[in-house]
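Scroll down for the structure; my scribbles are underneath it.
The values are calculated or read from the model by the stated rules, or taken from the named source; none is laboratory data. This structure is a prediction, so every number in the text was calculated from the model and none was measured. Here Cβ is always computed from backbone atoms with ideal geometry, including for glycine, and neighbour counts include all displayed protein chains. Areas reflect the complete protein model, heavy atoms only, side chains present, ligands, DNA and RNA absent. Shrake-Rupley method; radii C 1.70, N 1.55, O 1.52, S 1.80 Å.
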Amino acid sequence: METTQDYVMVSLKLLGALGLLIFGMKMMSDALQKMAGPQLRHILAKMTTNRVTGMLTGTMVTCAVQSSSATTVMTVSFVSAGLLTLSQAISVIMGANIGTTLTAWIMSLGYNVDLTNVVFPAFFLGMILIYKKRHRYVGDFLFGIAFMFLSLVMLSTGGKELDLAHNESVVNFFASFDTNSHLTILAFLAIGTIITCIVQSSAAVMAITILLCSTGVLPIYLGIALVMGENIGTTATANLAALGANTQARRAALAHLLFNVFGVIWVLCVFYPFVNMVCEFVGYDPSMAGQTERLPVVLAMFHTCFNVTNTALLIGLIPQMERVVCWLLPKQEQPKQEELRLQYIKSNLIQTPEIAVLQAQKETALFGERVQRMFDMVCQLVEEKDEKAFVHLYSEIEHQEDLTDQMEIGIARFLEHVSNDHLSDDTKVKIRQMMREVSELESIGDACYKLARTMNRLQETGQELTKEQLARLKAIMTLCNDALTQMNHVMHGHRSEHDIHNSYRIENEINQMRQQMKTENIRSVNEREYGYAIGTFYIDLINECEKLGDYVINVVQARFGK
């Protein structure tokens, strides 16, 4: 009875250690991403000029954040936001698979080296840094890595306490499996895949595998089968994240799955020779009992050899992989109502605040393009003479005004959600700037609608602007369009690439023209060149154009942080 109770207590301790391992790795990964978020973003966006640099970038980023899932979800987010092409994303994902092998080596180290002396100083130093808010992310990182190492010590200790090697029923259970049968290998591969999909942590499955192998009850062949299953199961994270994303993002996630499945297939074809070769690298003989201290190293070495070889085989076939995923996931025709959805913002793809800010920036730039297209419709409305076409165009402008309201609310809610996280000072500033941008962009949409509504009221009266008024109105609207064009240039590029004085110059021209037109209108009405009612409509249109110019300069100032 006491033995049973002991097993229960040790098993609970091991489950707690696994939970601590998952928490520690997540804490460490999140802290690293927050510390290096903008840099990671720029690295992923710029250091993927070809398949080799893309692969090296994926390796480097994954080693930095200690999470292949974080890198792949980040990559899927970038594909969704249009920052990476599908072929670039595939090369980054290949590199992420290599980078994640570092985790296996850290775990094998944890089982062979007593890390207790490192853990407690890390906790103490981490607590000091967390209370010093300036370095709280470094403190979070130290806490995460301390939790991870502590959990590895607990797993190693718990495995020794279980003493499974002397538990006859456990030994007989694993001995009942024929390690020379491919069916057994496939069964354990499926078990590894399912467990990884459930716990959403390849590190946890690797820790379980190392624990069982290091106790001597799990043969190395079955342990390696579990590791292969973990390689497939870890792709579930990116595929789940991509469910609500666009087609290109889902293709990138699918490419990750196909890449790992292909690797497992060719390894299964040469399974025993390949595993024996890996064992020879570390001086382990699978046919001999004992040597359990080498088994964690064998698993880490297999993980590395598998991913490096798989990448070497497939890196030259990225165009073919791209064609396969495009064939499996063809681009679907988007219904007209699809335009109501935000294109780049997908809340389920948020991995770090920096990525979320990037998505919001892309969506805000799209918002700027939408209001300029709306203003183009207003310019067409001014010249439209056909009554039926006029009514149709006015109705479309009304619809676009409704969409601008929805875009403002959608982006603002997304930014509010992001602002609930722990943010760096730079990220807080960016969010405030974008909140101001979307508010001003919605005001531009309102100004466009007011212009259209004034034109509609004018048409309902049966009156028309004079040729001189029409020419002047077109001139100021041309300046407004120039201002919108300049605004969109600023919003799409980095602010260091643009000069705010171009926007100031256009706004000054709009203000001067508006003042001149108001003065001329008073003179023309007094001299009875046209009636007071026409003059009122004319001034309303001019004033709205001037307001639109003010909203544009407000967007540009927000973008420049002024």
At q = 0.20, 0.21 Å⁻¹, what log₁₀ I(q)/I(0) does a Debye calculation on the Cα points of region 376-520 give, no solvent, two decimals? -1.30, -1.36
For Ser181, Ser439, Ser108, give the ranking by accessible area with the largest first, probe 1.4 Å. Ser439, Ser181, Ser108
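Sort Val525, Val76 by heavy-atom solvent-accessible area, probe 1.4 angstrom, most to least.
Val525, Val76
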Given the C-alpha atoms of region 207-282, compute the convex hull and give its volume per residue in Å³. 93
Go through Met94, Met321 and list them by solvent-accessible area, largest first, probe radius 1.4 Å. Met321, Met94
Taking the Cβ of Arg453 as the center, what net charge do the other residues with Cβ under 13 Å away carry, scoring Lys and Arg +1 and Asp and Glu -1? -4
With a 22 Å threshold on alpha-carbon distance, the violating pairs from Lys428/Lys450; Lys385/Lys474; Lys467/Lys518; Lys362/Lys428; Lys385/Lys467 are Lys428/Lys450
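Can you give the convex hull volume per residue for the Cα atoms of region 172-220, as a whole number of Å³? Walk me through the intermediate numbers first.
On the way: hull volume 3.5 nm³, N = 49.
Cα-based convex hull of region 172-220, divided per residue, equals 72 Å³.
Quick check: at a probe of 1.4 Å, how many percent of the accessible area of region 426-476 sits on carbon and sulfur atoms? Could the numbers behind the result be given before it?
Values: 1130 of 2450 Å².
Result for region 426-476: 46 percent of the exposed heavy-atom area is carbon or sulfur.
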Counting Lys and Arg as +1 and Asp and Glu as -1, what is the net charge of the other residues whose Cβ lies under 13 Å from the Cβ of Gly19? +2
Report the net charge of residues surrounding Lys385, where surrounding means a beta-carbon distance below 14 angstrom and charges are Lys +1, Arg +1, Asp -1, Glu -1. -3
Using eta = 1.002 mPa s and T = 20 °C, Stokes-Einstein with Kirkwood Rh from Cα pairs puts D for region 423-479, in µm² s⁻¹, at 149
What percentages, rounded to whole numbers, describe P(r) for region 355-460 computed over all alpha carbon pairs with 5 Å bin width beginning at zero? 2, 13, 22, 17, 14, 10, 8, 6, 4, 2, 1, 0
How big is the convex hull of the Cα atoms of region 444-521, per residue, in Å³? 90
Full-extension gain between Ser419 and Thr485, please, as 0.36 nm times their residue separation minus the C-alpha to C-alpha distance. 20.8 nm
